[in-house]
Amino acid sequence: MEQLKQKIREHGSVLSEQVLKVDAFLNHQVDPPLMQAIGREFARRFGGQGIDKVLTLEASGIAPALMTALELGVPLVFARKHRSLTLTDNLLTARVYSFTKQVESTVAVSASHLAAGERVLIVDDFLANGQAALGLAAIVRQAGAQLVGIGIVIEKSFQSGRGALEEQGYRVESLARIASLAGGQVSFLE
Ligand code: 5GP
């Protein structure tokens, strides 16, 4: 997706050979027209698949996932990372190791928002080693729902995430694929 790649070139900053910072348009300040375009692109790629729900992980997945859900005309559910007094229902949970925080935590979705038989699209901001997406996929399985695919805004293709997800048989669609962050430069795969 050229518009996204242009944004990454102009406003992304390479923190290390492993980490790209996109706080200017995705992870802290959010660019609404770009999110809308991202939502349209995911809806174009996954449209016609009978998707019932979009699932993401708070907080950074919410903006692109919400726009995707809006375009598909379905609800968005986000998995919570923190315990909440209001999260009292039957919980579907998974342990997820955070790439950026380097700690493992439990993420949870109330079973009342994910039902058996529903067709689910996972959307997340980044794909590194696939832990977040695998955790969300485990939650979909626990619900007895069906995972239609995984939409990723920025994939770091030099890390192991895509391989891990494809090995499980999941369809992965990424809007920008980064081949390398070496030398402080973002190089795209395609
Ligand atoms: P994974 O679970 O695939 O190893 O990592 C994906 C998660 O870690 C995403 O939900 C995202 O929040 C975070 N993440 C991974 N790599 C990066 C990165 O290079 N930059 C930022 N800002 N977040 C990342």
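The table that follows gives values for the structure above.
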{"item": "Most mobile of 152, 178, 122 in a GNM of the chain (Cα contacts under 10 Å)", "result": "178"}
{"item": "Kirkwood-Stokes translational diffusion coefficient of segment 13-79, alpha-carbon pairs, 10 °C, 1.306 mPa s, µm²/s", "result": "126 µm²/s"}
{"item": "Under 12 Å from the Cα of residue 81 - aspartates and glutamates, other chains or at least 8 residues apart", "result": "58, 104"}
{"item": "Of every Cα-Cα pair in segment 68-122, the percent that sits beyond 13 Å", "result": "66 percent"}
{"item": "For residue 188, distant residues with modelled amide H under 5 Å away", "result": "179"}
{"item": "Whole-number D in µm² s⁻¹ for segment 83-190, Kirkwood Cα-pair radius fed into Stokes-Einstein, 20 °C, 1.002 mPa s", "result": "144 µm²/s"}
{"item": "Alpha-carbon centroid distance for the pair segment 46-60 / segment 116-159, whole angstrom", "result": "9 Å"}
{"item": "Backbone HN-Hα couplings from phi across segment 179-190 [Karplus 6.51/-1.76/1.60, Hz, Gly and Pro as x]", "result": "7, 6, 10, 4, x, x, 10, 8, 10, 8, 6, 9"}
{"item": "Interchain or long-range residues, amide H under 5 Å from residue 174's placed H", "result": "152"}
{"item": "Spacing of the two label points (7 Å from each Cα toward its C-beta) at residue 180 and residue 81, in nm", "result": "3.0 nm"}
{"item": "Considering only the chain, percent of DSSP beta bridges that pair antiparallel, nearest 5", "result": "35 percent"}
{"item": "Stokes-Einstein translational diffusion, the chain - Kirkwood Rh over all Cα pairs, 1.002 mPa s, 20 °C, in µm²/s", "result": "129 µm²/s"}
{"item": "³J(HN,Hα) computed for each position of segment 134-140 - Karplus, 6.51 cos²θ - 1.76 cosθ + 1.60, integer Hz, glycine/proline x", "result": "5, x, 5, 5, 5, 5, 4"}
{"item": "Ordering of 179-188, 24-33, 142-151, 106-115 by burial proxy (mean other Cβ atoms within 10 Å per residue, highest first)", "result": "142-151, 106-115, 24-33, 179-188"}
{"item": "Convex hull per residue volume in Å³, alpha carbons only, for segment 33-138", "result": "106 Å³"}
{"item": "Whole-percent carbon and sulfur share, accessible surface of the chain, 1.4 Å", "result": "48 percent"}
{"item": "Rounded to the nearest 10 Å², the accessible area of residue 40 at probe 1.4 Å", "result": "130 Å²"}
{"item": "Average accessible area per residue (Å²) across segment 81-158 - probe 1.4 Å, nucleic acids and ligands excluded", "result": "47 Å²"}
{"item": "Debye equation applied to the C-alpha atoms of segment 99-153, log10 I(q)/I(0) at 0.16, 0.19, 0.22 Å⁻¹", "result": "-0.50, -0.68, -0.88"}
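The values are calculated or read from the model by the stated rules, or taken from the named source; none is laboratory data. Quick caveat, the model's predicted, so the values are computed rather than measured. Cβ coordinates were reconstructed from backbone atoms using ideal geometry, including for glycine residues, and neighbour counts include every protein chain displayed. For the accessible areas, the whole protein counts, side chains as well, though only heavy atoms, and no ligand, DNA or RNA atoms are used. Shrake-Rupley method; radii C 1.70, N 1.55, O 1.52, S 1.80 Å.
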